[in-house]
Amino acid sequence: MRVALVLGGGGARGFAHVGVLRFLEEQGFVPHIICGSSIGAIIGGKYALVPSWRVLWEHINRALESEAFERASSEFVESSEKGNPFQEFWSIISKGLAYSRALTTCSLVSLDNYMAAFREFFPHDPLIEHTRIPFAAVAVDLVSGREVILTRGSMVKAVAASSSIPGVFPPIRWLGEMLLVDGGWVDVLPALAAYLLGADVTIGVWVGKDISVYQEVKNAFDVVYRADEIARHYLNWLRRRECTFIIEPDVGRYMWNEFDRREEILQRGYEAAERTWPEIVKILKSPFRSFLIKKPDLEEISGVFCPVFPLDEGWDSI
């Protein structure tokens with residue numbers, strides 16, 4: 001039985017993934033497959049290359065303290081605490097300080113600085129197909145409107161694409177035809193990618209925001225952000241059901257930009273894995289479970305896989 005670990009998106013809340021990996025390592029469990037979206041792709045890609053939570057954590061801290069990361073963050077913040085460069089982003093947008101730039105460019109962070117930050121974390125830009133553990137990252141193609149599953153090619157470009165928050169970070173050109181952004185916009189917990197790679201069972205790590213955490217809306221930006229947050233919450237709830245089992249660290253109240261709280265977020269991930277480990281063991285020892293939800297067909301386009309949904313077939317097929 002092939003078991004996949006599916007790491008979800010959630011910004012800084014994704015540091016809980018490292019805590020989950022730490023606990024699993026201590027139990028002697030190594031997943032056969034790793035898939036990720038957004039921060040889950042960054043952490044999953046690194047762990048797939050070097051399956052050691054200690055090495056992963058060391059590299060995360062080094063990257064967050066690097067000049068490359070600081071340069072990228074300084075493009076859209078006035079001032080920031082070291083280790084928490086995104087804290088003031090939404091307040092800056094609300095003040096309109098980035099408005100003129102948003103009208104003339106596709107992102108608030110330049111492509112050069114964005115990619116430099118990822119090269120700090122993946123200095124040799126390995127190929128996805130050379131990872132020790134089979135790996136896939138998920139992104140969204142702005143051109144075709146499709147979800148894409150990246151299983152080979154540049155690791156740096158793949159995780160950058162999967163993490164590119166629309167409007168904040170630049171879209172990533174893939175093979176000259178696709179323009180890729182954050183996979184979490186359509187598939188925050190990419191179990192389908194794991195099944196594509198041959199998984200029989202998927203263990204998802206959910207680090208989404210608690211939708212009940214409400215911040216007062218003070219302007220149009222707040223209204224749009226909150227409405228988008230609610231819509232994505234319902235989509236994410238449906239995608240969760242595609243996993244066999246969910247580990248859910250208690251991180252829902254952390255903001256996506258609280259990078260300075262990464263130590264305590266890691267601990268939340270460790271505690272959640274420890275708490276749910278007996279149930280995971282039951283699943284691993286139980287008879288084979290088939291995937292009950294009907295999976296969409298997959299089409300290969302320019303070396304990446306795209307699930308075929310009604311968007312591609314026409315509304316008459318619904």
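Near the amide H of VAL168, within less than 5 Å, lie the amide hydrogens of LEU108, all on another chain or at least 5 residues away, with H placed in the peptide plane. Placing +1 on each Lys and Arg Cβ and -1 on each Asp and Glu Cβ, with no other charges, gives the stretch 126-272 a dipole about its Cα centre of roughly 240 debye.
Considering only TRP237, VAL251, ALA227, and ranking their Cα positions along the charge dipole of the stretch 218-279 that arises from unit charges at the beta-carbon of Lys, Arg, Asp and Glu, the one farthest toward the positive end is ALA227.
A Cβ-based charge dipole, computed about the Cα centre of the stretch 172-233 with Lys and Arg at +1 and Asp and Glu at -1, lands at about 100 debye. Sketch the reach of a paramagnetic label on HIS233 as a point 7 Å from Cα along Cα-to-Cβ, and name the residues of the stretch 165-191 whose backbone nitrogen lies under 18 Å away. Output list for this probe position: 185-189. Dipole check for the stretch 133-198: with +1 at the C-beta of Lys and Arg, -1 at the C-beta of Asp and Glu, and the Cα centre as origin, the magnitude is about 180 Debye.
Extending 7 Å from Cα along the Cβ direction at ASP112 and again at ASN61 yields two label points whose distance is 3.2 nm. Between the amide H of ILE247 and those of GLY204, VAL205, TRP206, distances stay under 5 Å, these residues lying 5 or more places away or on another chain, with hydrogens modeled in the peptide plane.
Taking a virtual spin label 7 Å from the Cα of HIS130 along the C-beta vector, which residues in the stretch 150-175 bring their backbone nitrogen under 18 Å of it? The answer is 151-160, whose backbone nitrogens lie closer than 18 Å to the label point. Protection proxy ranking of 180-186, 119-125, by the mean of other Cβ atoms within 10 Å over each peptide's residues and highest first, is 180-186, 119-125.
Most tightly packed first, judged by the mean number of other beta-carbon atoms within 10 Å of their residues, the peptides 135-141, 60-66 read 135-141, 60-66. Per-residue 3J(HN,Hα) values for the stretch 132-137, derived from phi via the Karplus relation 6.51 cos²θ - 1.76 cosθ + 1.60 with θ = phi - 60°, read 5, 10, x, 9, 9, 10 Hz in sequence order (x marks Gly and Pro).
Each reported figure results from applying straightforward, stated rules to the coordinates on display, with no laboratory input. Everything quoted here is computed from the prediction, not taken from an experiment. Quick reminder, even Gly has a Cβ in these numbers, built from the backbone with ideal geometry, and neighbours come from all protein chains shown.
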